Amino acid sequence: MKLNKLTFAAGMLLAIAGGTAQVQAQPIKNIVLVHGAFVGGAGWRPVYDRLTHDGYKVTLVQEPLTGFPEDVTATRRIIDQQNGPVILVGHSYGGAIITEAGNDAKVAGLVYIAAHALDNGETEASNGKKFPNSAHPFAKSSDGYLTIAPENYHSDFSADLPAAQADFEAHAQMPTNSAVFTANIPDPAWKTKPSWYMVAKADKIISPDLERMYAKRAHSHTVEIAGASHSVYQSHPDDVAKLIEQAALHAQP
């Protein structure tokens with residue numbers, strides 16, 4: 001009788017443990033996507049379609065690109081709207097934004113897509129000097145906003161997209177305040193939150209070696225996409241969505 005009680009108790013503990021494991025295995029459903037410099041959120045559409053098809057609640061940030069504090073505020077505003085834990089995803093300069101905004105208590109994990117994952121004392125500009133890219137210099141307006149010259153956009157930003165699509169995007173750019181590239185982040189969220197990183201191996205805007213440095217330093221779960229340009233989130237949406245879903249499954253609130 002005593003043995004039966006012990007057996008029953010052990011079985012109950014195993015059942016409880018198994019139930020806990022099942023609860024922990026449930027993916028986080030809220031995904032917030034943050035675009036980078038020069039582009040808007042519409043470029044995330046292929047990734048959005050795949051994630052929503054798989055049952056995720058996906059929200060895009062449309063940050064104004066007028067300054068780093070304003071862009072972080074725009075991102076926090078969207079995080080605040082979520083009804084539970086969040087996977088925060090950033091492309092390019094969007095990586096700097098999520099590195100700051102990712103300190104929000106709702107953020108359970110960070111996903112960097114060919115993105116900057118800065119440390120305190122670093123800026124995108126200073127890291128770009130240590131790991132030079134292979135793109136043409138940006139064009140600068142009289143009031144300090146940067147763009148990519150349309151004739152360079154396809155080769156520099158999106159070489160693996162159709163030429164017609166790249167041409168449209170080149171003429172639909174969001175000018176970006178040059179000040180965002182010198183923003184400092186005192187407390188990078190990747191130091192306390194789990195992260196995933198996608199390296200675009202043919203990136204001309206951010207050196208792939210800089211991307212690898214970011215990923216290694218943050219101990220990110222890393223994938224590399226051969227032949228991918230800086231527009232990897234558009235040209236390889238299946239791979240991007242897969243990485244985000246891995247983060248949603250394994251990050252814990």
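Go through segment 135-253 and tell me which strands (runs of 3 or more DSSP E), entirely inside it, have 2 or more residues that are open to solvent by less than 20 Å² (accessible area, probe 1.4 Å) and hydrophobic (A, V, I, L, M, F, W, C).
195-200
Spot the failing condition for Pro253; the list is (1) over 21 Å from Val32 (Cβ atoms); (2) modelled with pLDDT under 95, and only one is missed.
Failed condition: (1).
Among the residues of segment 36-59, what is the count of those that are open to solvent by 50 Å² or more (accessible area, probe 1.4 Å) and closer than 20 Å to Asp71 by Cβ?
Residues that pass the stated criteria total 2.
In segment 102-133, which residues are in contact with a strand residue (DSSP E or B) (Cβ under 9 Å, 6 or more places away or on another chain) and closer than 18 Å to Ile185 by Cα?
If the condition is that a residue be in contact with a strand residue (DSSP E or B) (Cβ under 9 Å, 6 or more places away or on another chain) and closer than 18 Å to Ile185 by Cα, then Gly102, Asp104, Val107, Gly109, Leu110, Val111, Tyr112, Ala115, His116, Ala117 are the ones that fit.
Between residues in segment 115-133 that are at negative phi and residues that are open to solvent by 40 Å² or more (accessible area, probe 1.4 Å) and of a type in the set (Ser, Thr, Tyr), which pairs lie under 9 Å by C-beta distance while being six or more apart or on different chains?
Thr123/Thr182; Glu124/Thr182; Ala125/Thr182; Ser126/Thr182
Go through segment 78-121 and give me each residue that's in a loop (DSSP other than H, G, I, E, B) and surrounded by fewer than 24 Cβ atoms within 10 Å (Cβ to Cβ).
Gln82, Asn83, Gly84, Pro85, Asn103, Asp104, Ala105, Lys106, Leu118, Asp119, Asn120, Gly121
The values are calculated or read from the model by the stated rules, or taken from the named source; none is laboratory data. Predicted model only: the values in this text are computed from it and were never measured. Because the Cβ atoms are built from the backbone with ideal geometry, glycine has one as well, and the counts that use them run over all protein chains shown. These area figures cover heavy atoms from the full protein model, side chains too; ligands, DNA and RNA do not enter into them. Shrake-Rupley method; radii C 1.70, N 1.55, O 1.52, S 1.80 Å.
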